[in-house]
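Reviewing the structure listed below.
The values are calculated or read from the model by the stated rules, or taken from the named source; none is laboratory data. The structure presented is a predicted model; accordingly, all values stated were derived computationally and were not measured. Don't worry about glycine lacking a Cβ; one is built from the backbone with ideal geometry, like all the others, and counts go over all protein chains shown. When the accessible area is computed, the model is the full protein with side chains, heavy atoms only, and any ligands, DNA or RNA have been set aside. Shrake-Rupley method; radii C 1.70, N 1.55, O 1.52, S 1.80 Å.
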Amino acid sequence: EPTPVIANRIAHCVSQAAATPEPWPELLQTVCGAMGGGEAPARTALFVLEQLPEYSPELMHGNAMNLLPVYTGALAEANHIKVRVSALKATGALLMALDNDKERAPFAPLVQPMLAALAAALSSPQHEGDAQEVLSALCNVAQNAVDFFRAHLAAVVDAMLTVCGAGEQLEMTTRERA
């Protein structure tokens with residue numbers, strides 16, 4: 001579906017359908033396959049991955065390590081800031097759904113690409129709304145999985161201070177989120 005609002009509604013329904021007691025083994029394979037179809041399908045697939053921890057946490061727990069390369073690749077998508085933002089939000093949703101720091105530990109290498117996605121969104125005034133979404137997602141992870149950022153605390157604090165110190169270059173709401 002080319003219309004983002006409709007695509008997100010369909011993706012949300014798909015995520016809700018995954019909550020059924022019957023397993024849906026093809027779902028993650030299909031969603032991950034959509035990642036190679038361009039920006040719009042990748043964003044829709046990542047939206048499904050963002051919603052699945054809420055509706056089907058057991059599916060996500062059982063496949064977290066299989067999804068790590070998907071999130072890694074999407075966060076590195078240099079030409080598509082919106083794909084990177086979607087990947088960060090999906091990664092954040094999974095991190096919050098995981099039960100403990102041991103389960104989150106393999107995702108620690110994603111902190112730098114997450115901060116790079118923030119920097120990319122901040123580098124263009126037209127993507128400030130995306131930067132606000134990134135900041136919200138990072139704050140949610142920090143509030144719900146406190147220790148996740150511990151090893152990268154200096155880099156995270158530096159990124160947040162950079163946002164706060166941007167002055168008039170950024171909207172007040174963006175600076176407040178940092």
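Quick note on segment 135-178: its Rg to Rh ratio, both from C-alpha atoms and Rh being the Kirkwood radius, is 1.01.
The alpha-carbon positions of segment 61-178 define a convex hull whose volume is 83 Å³ per residue.
Run the numbers for C13 and S123: contour at 0.36 nm per residue of separation, minus the present Cα-Cα distance, in nm. Working shown, then result.
Details: separation 110, 0.36 × 110 = 39.60 nm, distance 3.39 nm.
So the chain would gain 36.2 nm between C13 and S123.
Express in whole angstrom the spacing between the alpha-carbon centres of segment 126-169 and segment 58-81. The distance from the Cα centre of segment 126-169 to that of segment 58-81 comes to 20 Å. Per-residue surface analysis assigns V31 an accessible area of about 10 Å², computed on protein heavy atoms at 1.4 Å probe radius.
Want the number for I6 to N140: 0.36 nm per residue separation, take away the alpha-carbon distance, what's left?
Details: separation 134, 0.36 × 134 = 48.24 nm, distance 2.58 nm.
Gain in length upon complete extension: 45.7 nm.
Backbone geometry of segment 48-62 corresponds, through the Karplus equation with coefficients 6.51, -1.76 and 1.60 at θ = phi - 60°, to 3J(HN,Hα) couplings of 4, 5, 5, 7, 4, x, 6, 8, 9, x, 5, 5, 6, 4, x Hz, x marking Gly and Pro. Legend: calculated FRET efficiency, A166 to A108, from the Cβ-Cβ distance at R0 = 30 Å, rounded to 0.05, equals 0.65.
Starting from the Cα-Cα distance between T72 and Q29, subtract it from 0.36 nm times their residue separation and give me the gain in nm to one decimal. All intermediate terms of the calculation are to be shown ahead of the outcome.
Working: separation 43, 0.36 × 43 = 15.48 nm, distance 1.64 nm.
Length difference between fully extended and current span is 13.8 nm.
Computed per residue of the chain from DSSP H runs no shorter than four, each worth -39500 (n - 2.57), the mean residue ellipticity at 222 nm is -22500 deg cm²/dmol. Segment 10-84 gives an Rg/Rh value of 0.96, both radii derived from C-alpha positions and Rh following Kirkwood.
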